[in-house]
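Please read the structure below before turning to the comments.
Every number in this text was worked out from the coordinates using simple rules, so none of it is lab data. The structure presented is a predicted model; accordingly, all values stated were derived computationally and were not measured. Quick reminder, even Gly has a Cβ in these numbers, built from the backbone with ideal geometry, and neighbours come from all protein chains shown.
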Amino acid sequence: MAVLNKGQHQLWILAGLLMVAVSAVALYKAQPILFPEVTRTGELDPDCDLRAGPCVSQLNDAVRVSFAIEPREIPLVKPLQLRVSVEGMQADQVQVDFAGVDMNMGFNRVSLKAGEAGEFKGDGMLPVCVWDAMEWEAKVLISTEQGLISMPYRFITVRPGVPLPGSED
């Protein structure tokens, strides 16, 4: 069994402290990316069904946000086409952040590309889940001059061969 001399022991302590310092700086720098400061949040529409088509939410009397996912069965680990339309305000950037409602599924955020007049499109993918059915919340994050606006939309995914909860299959 090797015995560390005093110099080696101090070197290991210094290396450990350096790793702690680097980790702390990395967490500090990643904070705004992982947990952006939202200035306004829209209300969740319980009647929204992204499998039936786009969901439209009102932030206020003047601002409407539409969100759609294709294909409508919303498969896991397959490409998804995401589309957001913003009416009534200037959006500088739009991202969609997918999070499991009852399970942490890691960082799943997609930046969309601006198109014509408030239209944003992009491709994303949901990770595989061990559950037969999983409830997700997609937060449409809209960057504006007034700050970051979050519009929530919920949906359920199911593994192939498993009926959608509440369906008659």
So if each residue of separation counts as 0.36 nm, and I subtract the Cα-Cα distance between Gln146 and Arg159, what length gain in nm does that give? 0.7 nm
First select every other residue whose beta carbon is under 12 angstrom from the beta carbon of Val110; then total the charges, Lys and Arg +1, Asp and Glu -1. +3
Determine, from the Cβ-Cβ distance of Val38 and Leu17 and an R0 of 25 Å, the FRET efficiency 1/(1 + (r/R0)^6), rounded to the nearest 0.05. 0.10
For Trp12, Trp136, ascending order of other Cβ atoms within 10 Å (fewest first) is Trp12, Trp136
For the chain, what relative contact order do you get, as a whole percent, if you take Cα pairs closer than 8 Å and at least 6 residues apart? 22
Between Asp123 and Gln8, what is the label-point separation in nm under the 7 Å Cα-to-beta-carbon projection? 5.2
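Just how large is the dipole of the chain about the Cα centre, in debye to the nearest 20, putting +1 at every Lys and Arg Cβ and -1 at every Asp and Glu Cβ?
920
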Cα-based Debye curve of the stretch 39-158 sampled at q = 0.10, 0.12, 0.17 Å⁻¹ gives log₁₀ I(q)/I(0) of -0.27, -0.39, -0.80
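What does the charge count near Arg64 come to, summing +1 for each Lys or Arg and -1 for each Asp or Glu among other residues with Cβ under 15 Å from its Cβ?
Working: positive: Arg40, Arg83; negative: Glu43, Asp45, Asp61, Glu87, Glu119.
Its environment carries a net charge of -3.
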Per the beta carbon screen (other Cys under 4.7 Å), unpartnered cysteines of the chain come out as Cys129
Listed with the fewest Cβ neighbours within 10 Å leading, Thr41, Thr157 appear as Thr41, Thr157
Folded to 0 to 90 degrees: helix 6-34 orientation relative to the chain principal axis, Cα: 10
Once Lys and Arg get +1 and Asp and Glu get -1 on their Cβ, which of Val96, Val63, Ala117 lies farthest toward the positive end of the dipole of the chain? Val96
Counting lysine pairs in the chain that sit 8 or more positions apart or on different chains, with Cα atoms under 30 Å apart, gives 9
